[in-house]
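Some notes on the structure that comes next.
The values are calculated or read from the model by the stated rules, or taken from the named source; none is laboratory data. If you're wondering where the values come from, they're calculated on a predicted model, not measured in any experiment. When we count neighbours, we look across all protein chains shown, and the Cβ atoms used for this are built from the backbone with ideal geometry, even at glycine. In case anyone asks, the SASA skips ligands and DNA or RNA and just uses the protein heavy atoms, side chains included. Shrake-Rupley method; radii C 1.70, N 1.55, O 1.52, S 1.80 Å.
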Amino acid sequence: MSNHNFEMSIINGFCQHTNIQLHCLSIPSVYSYPRNNKRIFTKSESYHYKNALIFSVGFCNLPIVKEIWGILALIYKLLKVIKHSKDDRIDVIVNTPDYRLLLALRIAKCLTRKRVTQTVIIPDIPSFVTAMGKANKVKTFILERLDKQSMKKTSHSSGLVLLTEAMMDFFSRPIKHIVMEGIVDVKTMDQQVERPVSNNYIILYTGTLRKIFGVMNLVSAFQMLKQENIELWICGSGECKDDIEEAALQDPRIKFFGLVNSQIALKLQHKATILVNPRTSEGEYTKYSFPSKTMEYLLAGKSVIANRLPGIPEEYYEYIYTPKDESVVAMAECINSVLALNDNEKEHKALSGREFVVNKKNSKVQTARILEMIETY
């Protein structure tokens, strides 16, 4: 869901720049027929979204065939867009280093006389995504090889859009780039910050329920708090689901909502007192990752607690409360200290954080930075 929101925020941002013609080309990731998909064909689709033309290629869903078919369909559509453009230069932005998109673009560039630039947005390092997945050994082996090819093709880009500066560790040569750790969609900016309607203080976590993301640390920290007028709300799905349900049975102050859609998650965020991201710096991937939850939480205009992570720029910590270390005890102490603050003090910091992301990280501002880089090619 976060990847989809990130992609739509980028599209919405580019749609606000009237000096460009925007064509969006995608290839859906679907299961193969007949084991996990009852449809043998995925149909192509096209529609207008604001001032952009969106096209999703179709293909046959048979194993291996769908990959070859999809790449050929991408090449065909790319060449069609390039041919019908009146410009001698085409600027292509690839959102995530997907080997299908990168291979299709490389072949299309060889089949046209027009100049085609390549800018790749890297929201995640592919090898880390594969390592965190649950694929079998054969599939993991294949994915690892494809990840290497994707990054190799990405290294030939004219420019890169990175979530953290540390991502440049994966490239052996200097490449023009900007760091865009996150983006706020303009469509969510008009929502008013709500005051809690409950007399209880509500601590909320929304996201993937994985131990590596620290969610059980948050549960343990909350259980150390003895106040009766506080509640812990958790939304999401993942490996910790059963443990959280068990904790909720033992402590009636813990409310588990399960997996909810983005609209419900947003409503719960606006009802909360404190939004917590308990992720720790454990794991090398944290250097190359910016938790999208950080920006999402700040936009809600509520108090935010998060550990200091290497992938979060220092400027964000002016608006975030941080535990003294990554221990469960420190998290409990931090929650207690925030609850004890004066309401006006908490509200001022929370609204300042919202103003920061709305004004400095909105989709128009961030996509303008991408366009400014592309103009220098």
Trypsin sites (Lys or Arg not before Pro) in the range 268-377 lying in a DSSP loop, each with at most 14 other Cβ atoms within 10 Å of its Cβ, come to LYS324
The Cα extents of the range 298-342 along the principal axes, largest first and rounded to whole Å, are 25, 24, 14
Cα-based Rg and Dmax for the range 134-263, in Å, come out at 21.0, 58
The answer for the range 219-306, accessible area per residue at 1.4 Å probe in Å², is 41 Å²
Between SER155 and PHE257, the two model label points (7 Å from Cα along the beta-carbon direction) sit apart by a distance in nm of 4.5 nm
The farthest towards the positive end of the charge dipole of the chain, of the residues VAL329, VAL179, PHE356, given +1 on Cβ of Lys and Arg and -1 on Cβ of Asp and Glu, is VAL179
Each label sits 7 Å from Cα toward the beta-carbon; between ARG145 and HIS4 the label points are separated, in nm, by 3.2 nm
If the chain between LYS86 and HIS48 were fully extended at 0.36 nm per residue, the gain over the current Cα-Cα distance would be 11.7 nm
Once all protein chains are kept in place, SER44 shows an accessible area at probe 1.4 Å, nearest 10 Å², of 70 Å²
Taking Cα pairs closer than 8 Å and at least 6 residues apart, the relative contact order of the range 78-176 in percent is 31 percent
With a 1.4 angstrom probe the carbon and sulfur portion of accessible area for the range 82-239, in percent, totals 53 percent
So, relative contact order of the chain in percent, Cα under 8 Å, 6 or more apart, is 16 percent
At 20 °C and 1.002 mPa s, the Stokes-Einstein diffusion coefficient in µm²/s for the chain, with hydrodynamic radius from the Kirkwood sum on alpha carbon pairs, is 95 µm²/s
Candidates TYR99, TYR33, TYR316; GNM for the chain (alpha-carbon contacts under 10 Å) flags as most fluctuating TYR33
The chain, Gaussian network, Cα under 10 Å: of THR294, THR112, THR96, the residue fluctuating most is THR112
Low-density loop trypsin sites (Lys or Arg not before Pro), the range 72-130, at most 11 other Cβ within 10 Å, DSSP non-H/G/I/E/B, are LYS86, ARG113
Length gained if LEU62 through LYS324 is fully extended, taking 0.36 nm per residue and subtracting the Cα-Cα distance, is 89.0 nm
Too long for a 24 Å Cα-Cα cut-off, among LYS176/LYS349; LYS134/LYS287; LYS153/LYS176; LYS287/LYS346, are LYS176/LYS349; LYS287/LYS346
With +1 at each Lys and Arg Cβ and -1 at each Asp and Glu Cβ, the charge dipole magnitude of the chain around its Cα centre, to the nearest 20 debye, comes out at 2060 debye
For the chain, whose charge dipole is built from +1 on Lys and Arg Cβ atoms and -1 on Asp and Glu Cβ atoms, the candidate among TYR297, SER237, MET224 with its Cα farthest towards the positive end is SER237
Here P(r) for the range 207-320, Cα-Cα distances in 10 Å bins, as whole percents, is 13, 45, 36, 6
With 0.36 nm assigned to each residue of separation and the Cα-Cα distance removed, ASN199 to ASN336 gains 47.7 nm
Taking alpha-carbon centroids only, the range 301-377 lies from the range 226-296 a number of Å equal to 17 Å
